[in-house]
1. For the stretch 76-85, check the following and say yes or no: at least one residue is under 21 Å from Leu175 (Cα atoms) and not hydrophobic (A, V, I, L, M, F, W, C).
2. Pairs, please: C-beta under 7 Å, at least 6 apart or cross-chain, first residue over 20 Å from Ser204 (Cβ atoms) and in the stretch 54-83, second part of a loop (DSSP other than H, G, I, E, B) and of a type in the set (Lys, Arg)?
3. Find the residue count for the stretch 113-169, including only residues that are without any contact (Cβ under 8 Å) to a residue 12 or more places away in the chain and closer than 28 Å to Asp22 by Cβ.
4. Among the strands (runs of 3 or more DSSP E) lying completely within the stretch 18-61, list those that include at least 1 residues that are more than 15 Å from the chain's Cα centre (by Cα), farther than 18 Å from Leu301 by Cβ and of a type outside the set (A, V, I, L, M).
5. Filter the stretch 170-182 for residues that are buried (at least 24 other Cβ atoms within 10 Å of the Cβ) and touching a residue at least 40 places away in the same chain (Cβ under 8 Å); which is farthest from Ala239 (Cα to Cα)?
6. Name the pairs: first residue in the stretch 215-232 and over 21 Å from Gly280 (Cβ atoms) and touching a residue at least 12 places away in the same chain (Cβ under 8 Å), second residue part of a loop (DSSP other than H, G, I, E, B) and not basic (Lys, Arg), Cβ to Cβ under 9 Å, at least 6 apart or on different chains?
7. Would you please list the contacts, defined by Cβ atoms under 9 Å and residues six or more apart or on different chains, that run from a residue in the stretch 16-33 that is under 10 Å from Gly55 (Cβ atoms) to a residue that is of a type in the set (Lys, Arg) and surrounded by 16 or more Cβ atoms within 10 Å (Cβ to Cβ)?
8. Hey, Ile153 hits all of (1) among the β-branched types (Val, Ile, Thr); (2) exposed (fewer than 15 other Cβ atoms within 10 Å of the Cβ); (3) within 22 Å of Ile26 (Cβ to Cβ) but one; which does it fall short on?
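All of the numbers you see were taken from the coordinates with simple rules; none came from a lab. Here the structure is a predicted model, which means the values were calculated and not measured. No Cβ is skipped: glycine too gets one built from the backbone with ideal geometry, and neighbour counts run over all protein chains shown.
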Amino acid sequence: MMSESTPHSELRIPNSTGLSVDIGGIHMKNPVMTASGTFGYGEEFASLVDLNRLGSIIVKGLSLGPSAGNPPPRTVETSGGMLNAIGLENIGLEAFVQDKLPFLQTLNTPVILNIYGHETAAYGGLAERIQDIEGIAAIEVNISCPNVKAGGIAFGTDPKAAFAVVRAVREKTSLPLIVKLSPNVTDIKTIARSVEEAGGNAVSLINTITGMAVDIYKRKPKLGNITGGLSGPAIKPIALRMVWEVAQTVRVPVIGIGGIANANDALEFMIVGASAVQVGTANFVNPRATMEIINGLSSYLEENDIDQIGQIVGTLQT
């Protein structure tokens, strides 16, 4: 019997044999990852889930120095999802290493740092510092940020800018690189090819879709930033389509993100070509969603007499 301190004691833990995956050099016990910005720095969920059962933990996006983020209100619930305009608030790399990393280093789950900047040099600087930090399995590069030297256009919407950022990071680290793609583009396949060519070991998609909400009584935006990023089940069909397109375009592993709330959602993404998935908004609604998804994937393999989860990746019949 599990002790009272085990928060997941009521969850059945099936045989996990066959769930292991390798994503661009990141060895994971299963393909269920936490999406950056939805799982804090990991320890916040320690009383709710068994962190050692996760495929990997991707922490809240980090910049070189601390960032206060956008003015409130910063979140709005929407039909089938939520809008957020947090503005990448974070404690900065130095404080993370000092205050948050020691706990993460006690786990046997790969820890992945999501990084961002507003200049190409900032990305490279972060990567250089992270390179020698013990206990970091990989870097996820968020290229949805505005490039201040290019008039505020997001790095991830321009193939050349995306290439430059990933190349700058690649030159400063030997760690596996996941590049998180923005859906706010005309052709996401072009961006995916650019970051692969620049040295990305995997791509994750999609990031949030730009949207807004209005208070009809005040006739003002509900978000302090006016616009924000839409996430949750509402974006799942769009995310599935983009993952399917990108999986047919690049040779590196694809990680699916967007409205994944249960094992069936995760399986859809894997069937269209994702080798792993990230769970984001569902963590706010059901903090144990990741555990339930892991259990569900294991049950699916058993029920369908499948030896290894990788056997279903890219098996969509059209």
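1. Within the stretch 76-85, none of the residues are under 21 Å from Leu175 (Cα atoms) and not hydrophobic (A, V, I, L, M, F, W, C).
2. Pro73/Lys222; Val76/Lys222
3. 1
4. Passing ranges, in order: 26-28.
5. My answer is Leu177.
6. Gly224/Asn70; Gly224/Pro71; Gly224/Pro72; Gly224/Pro73; Gly224/Ala85; Ile226/Ala85
7. From the stretch 16-33, the pairs are Leu19/Lys29; Ser20/Lys29; Val21/Lys29; Lys29/Arg53; Asn30/Arg53; Val32/Arg53.
8. Only one criterion is unmet by Ile153, namely (3).
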